[in-house]
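To start, I am sharing the structure in question, which I have written as structure tokens.
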Ligand code: MSP
């Protein structure tokens, strides 16, 4: 049991089960996977939860559309989703389904608790609901669509919102028959799903979010890194600044979902249920037997905010749910405030240590400049793509092309070019040079340079500088940069970390170009051996930080160098020990290439 170790809990959004995961979903999972792997090798006891969001209206509609019994439809989708993450080697520790009894039990407990303390109350709801977003919408969240010209209106100042127009094509209306706007030319639509939200009038229960206004503002102030990147946090703060309204947490007309324990005629609104998956997963984690301890107290209720981290990876479209609703819901459930006999609220937990540390918010990307859509056949299935090309290509491009947080474009040709340049040329070229040239020696690399190998750090540096001058200077700097890579990973700045690693590899290639060990092999074998040895050593150091991104390939590289236990060390979280472990390479054969070029 790793009782005193640092802990790290990372989650992806649980994806809706009304479709198979595409590359947009893969993006969040891949980010979480890299970060989880990095924390695991860095001696954090790590948990990684992903899963499927099932109690949604979308799934019900989809099952009806396909004439399949809802339960069978969901079971099948859960298999497909899980298989997607298994096939793309996402190393999660728990795959949660929100129809599982463990989750139902928790959500009902939460609801009852919040209801008993007065944070949930009944009321009437009248408003617009977008099924695509599974969210209630205000008019300012929507955009005008011109049904006559079939396009979104950017300049609304010129339009007459009541202008009549009825061509009988109601394709943008979610619920055509009931919609009051049906005879109009301009209708408000959801910008993400391009449909008119359904108008809903029903009895609902509400969550008293407004009560948490000050609390949430204090929480943000105390945790300036709660949402990353900063510009997203600013958007959230601006939204909170316009005052929080209570939100509906139940649906009267939905029959599928988790019934409210205090009014079984209603089911829980999908977001109130879905967010709690992050907590359910720890209460009854399938790994409880490993920790011999309840994961909930081990991973969630730890005191040291910097050593015990909880990270949610999400997309920008679901940031409000995570950054506003979620902390308030937890505050209510964990009783982070109390009311005294004069009905004055006291906030009891000012260090906020029972809330997640950070919401890492990814942007949206398009494919070859276009929005992903089934109608134009550009939706990329990650399993198929990884099988045709490789997961490494996806990882490399998605991380390098734009920083997490920005919107970007997935340009398929650019992705291949980048792969060829960075992995097939830069990285593999370097490893291959070392392997091929070492095989030309009539002994193992390092056997002819025992005296050099045993130099202490200072003498080693002195020797390298005196012998190789400028060629060595860059490499000296790379020692400092490698520490920066580590910090970047600690801060989840994956792009910076990966870009910097490739700079370091470039420098190593340049060092080889400048010193030409291939020529020296004939004239000064010892010098050539030193160059190869030093390069191998550097590349191994760098590989520790490449491992979270390309774990299989780095493991293969260790095999080429005959560093057979290295992979096991990393798997066993012993990165720090590896850094000081004396290496003894044995390069015995060239073997197959780690990365092969693709034709563009
Ligand atoms: N079920 C909710 C999440 C509940 S979490 C408690 C949900 N599911 S989703 O399947 O619609 O989307 C999951 C994630 O995929 C979102 O974070 C969304 O941002 C991301 N992406 C979907 N399409 C995407 C792109 N084209 N690009 C990047 N990410 C995108 O929301």
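Only the coordinates and a few stated rules stand behind these numbers; no lab work does. These figures come from a predicted structure and were not determined experimentally. Here Cβ is always computed from backbone atoms with ideal geometry, including for glycine, and neighbour counts include all displayed protein chains.
Express the relative contact order of the chain as a whole percentage, based on alpha carbon pairs under 8 Å and six or more residues apart in sequence.
15
Let me ask something else about it. Once you have the Cα-Cα distance between residue 264 and residue 160, take 0.36 nm times their residue separation minus that, and quote the gain in nm to one decimal.
Working: separation 104, 0.36 × 104 = 37.44 nm, distance 4.45 nm.
The span from residue 264 to residue 160 would gain 33.0 nm if fully extended.
Which of the three applies to the range 184-260, rounded, prolate or oblate, going by the alpha-carbon gyration tensor with a ≥ b ≥ c and a/c under 1.5 meaning rounded?
oblate
Computed FRET efficiency, Cβ-Cβ of residue 589 and residue 214, R0 56 Å: what is it to the nearest 0.05?
Rounded to the nearest 0.05, the efficiency is 0.25.
Rule-of-thumb check for the chain: C-alpha Rg over 2.2 N^0.38 Å?
1.11
What spacing in nm lies between the two simple spin-label points modelled at residue 523 and residue 443, each 7 Å away from Cα in the Cβ direction?
Roughly 2.3 nm, to one decimal.
Taking the Cα of residue 70, stepping 7 Å toward and past its beta carbon, and measuring to each backbone N in the range 88-110: which are under 19 Å?
Once the point is set 7 Å along Cα→Cβ of residue 70, 97-108 turn out to lie under 19 Å by backbone N, inside the range 88-110.
Still on this model: Neighbouring Cβ atoms within 10 Å as the yardstick, rank 343, 469, 428 fewest first.
So the ranking, lowest neighbour count to highest, is 343, 469, 428.
Sort out for me the Cα centre separation of the range 427-441 from the range 10-51, rounded to whole Å.
That distance is 35 Å.
Just to confirm the number: angle between the C-alpha axis of helix 494-515 and the first principal axis of the chain, 0 to 90 degrees, nearest 10?
For helix 494-515, the angle is close to 20 degrees.
Okay, moving on. Quick check: from the Cα gyration tensor, does the range 472-596 come out rounded (a/c under 1.5), prolate or oblate?
oblate
In addition: If each DSSP helix of 4+ residues adds -39,500 (n - 2.57) and the sum is divided by the residues in the chain, what number results at 222 nm, nearest 500 deg cm²/dmol?
Result for the chain, helices only: -13000 deg cm²/dmol.
As an exercise, use a Förster radius of 41 Å and the Cβ-Cβ distance of residue 194 and residue 79 to find the FRET efficiency, rounded to the nearest 0.05.
Rounded to the nearest 0.05, the efficiency is 0.85.
To continue, here is another question. Give, in nm to one decimal, the length gained when the segment between residue 346 and residue 470 is fully stretched (0.36 nm per residue of separation minus the Cα-Cα distance).
Answer, rounded to one decimal: 38.2 nm.
Another one. In which sequence would 262, 8 go, from the one with the fewest C-beta neighbours within 10 Å to the one with the most?
Ordered from fewest to most neighbouring Cβ atoms within 10 Å, 262, 8 come out as 262, 8.
Another one. At 0.36 nm per residue, and after removing the present C-alpha to C-alpha distance, how many nm does the segment from residue 463 to residue 406 gain when stretched out fully?
16.0 nm is the gain from fully extending residue 463 to residue 406.
With each pseudo-label sitting 7 Å past Cα toward Cβ, what's the residue 451-residue 167 distance in nm, one decimal?
Roughly 8.8 nm, to one decimal.
Quick one: helix 428-438 against the long Cα principal axis of the chain, what's the angle to the nearest 10°, folded into 0 to 90?
On a 0 to 90 degree scale, this one is about 20.
With label points built 7 Å along Cα→Cβ from the Cα atoms of residue 180 and residue 86, find their separation and express it in nm.
For the pair residue 180/residue 86, the computed spacing is 5.1 nm.
On to the next question. Determine, from the Cβ-Cβ distance of residue 552 and residue 138 and an R0 of 56 Å, the FRET efficiency 1/(1 + (r/R0)^6), rounded to the nearest 0.05. Spell out each step's value before the answer.
Details: r = 47 Å, r/R0 = 0.84.
Efficiency at R0 = 56 Å is approximately 0.75.
Could you tell me how many degrees, from 0 to 90 and to the nearest 10, lie between the Cα long axis of helix 525-546 and the main elongation axis, the longest principal axis, of the Cα atoms of the chain?
With both axes taken from Cα atoms, the answer is about 10 degrees.
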